[in-house]
Each structure stands twice: as C-alpha cells, then as structure tokens.
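Before any comments, here is the structure.
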Amino acid sequence: SQTDYALEAIRYAGTHGAKWLDVRAGAYQEYNDDLQRSLKKTVWQGGCDSWYVTEAGKNTNNWPSFTFDYRRQTRFFDPVHYETDGSRVPE
C-alpha cells in the first residue's frame, strides 16, 4: 500500500511538472493527532513494552487498525494534502 501510494504521488508530480511534494503541516498534524488518539486504545500503547514506543513515549506505529482499513485510506493519492514547488500543480 505504501509503495503504491508513493508511486502514485511520483506519477502525479511527473504529470504536473512538480520537482517535489511535501505533506502540508495541517494534514500531517491532523493525521498524527488522530493516529496517536487511536493508538492509545491498542495493545501497542496499553501498558506493554513495544518497539513502536520511543523513550519519550511517542508511538511510531503507522496504523492502529486493520490492514484493509489502511489499504482503503492509502488507495488513492490525494494532492490536496500536499505542497509542491508550484510547477503547474492545481490547488
């Protein structure tokens, strides 16, 4: 799923002449806040030692639910969540 999503982003950038794409700060923050909230309800954060949790207590797991949910969420690249170098990329 990650590879397909990244390839779609690369194709999008190439089609629109963009040299780079970067996640918008607001989109990143919203996703990470939701992710951290969801992870608190899982075994990965619920009192057991996990290699996903840093010494500072941040859980670095990228998805707290079923893999089919992750696949659904990453199925299509959505450029609205990204900034670019501005090369012919529509907002």
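The values are calculated or read from the model by the stated rules, or taken from the named source; none is laboratory data. Fair warning: this is a prediction, and the values are worked out from it, not measured in the lab. Reconstructed Cβ throughout: ideal geometry from the backbone, glycine too, with neighbour counts over all protein chains shown. These accessible areas exclude ligands, DNA and RNA; they are computed on the full protein's heavy atoms, side chains included. Shrake-Rupley method; radii C 1.70, N 1.55, O 1.52, S 1.80 Å.
State in Å² the accessible area per residue of the chain; use a 1.4 Å probe, count heavy atoms of protein chains only, and round to the nearest integer. Let's see the in-between values first.
Values: 6860 Å² over 91 residues.
The answer is 75 Å² per residue.
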Can you give the convex hull volume per residue for the Cα atoms of the chain, as a whole number of Å³?
112
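If you roll a 1.4 Å probe over the chain with all protein chains in place, what percent of the accessible area is carbon or sulfur?
On the way: 3720 of 6860 Å².
So the carbon and sulfur contribution to the accessible surface is 54 percent.
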Whichever aspartates and glutamates have a C-alpha closer than 19 Å to that of K58, once near sequence neighbours (fewer than 8 apart) are set aside:
E30, D33, D34, D49
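Considering only protein heavy atoms, with the full assembly of protein chains and a 1.4 angstrom probe, order V43, V53 by accessible area, largest first.
On the way: V43 95, V53 45 Å².
Largest accessible area first, the residues go V43, V53.
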Is it possible to state the helix-based mean residue ellipticity at 222 nm for the chain, with each DSSP H run of 4+ residues giving -39500 (n - 2.57), the sum divided by total residues, to the nearest 500 deg cm²/dmol? What is it?
-12500 deg cm²/dmol
Nearest 20 debye, what's the magnitude of the dipole of the chain about its Cα centre given +1 on Lys and Arg Cβ and -1 on Asp and Glu Cβ?
200
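In what sequence, highest mean first, do 55-61, 10-16 appear when ranked by Cβ atoms within 10 angstrom?
Descending packing order for the listed peptides: 10-16, 55-61.
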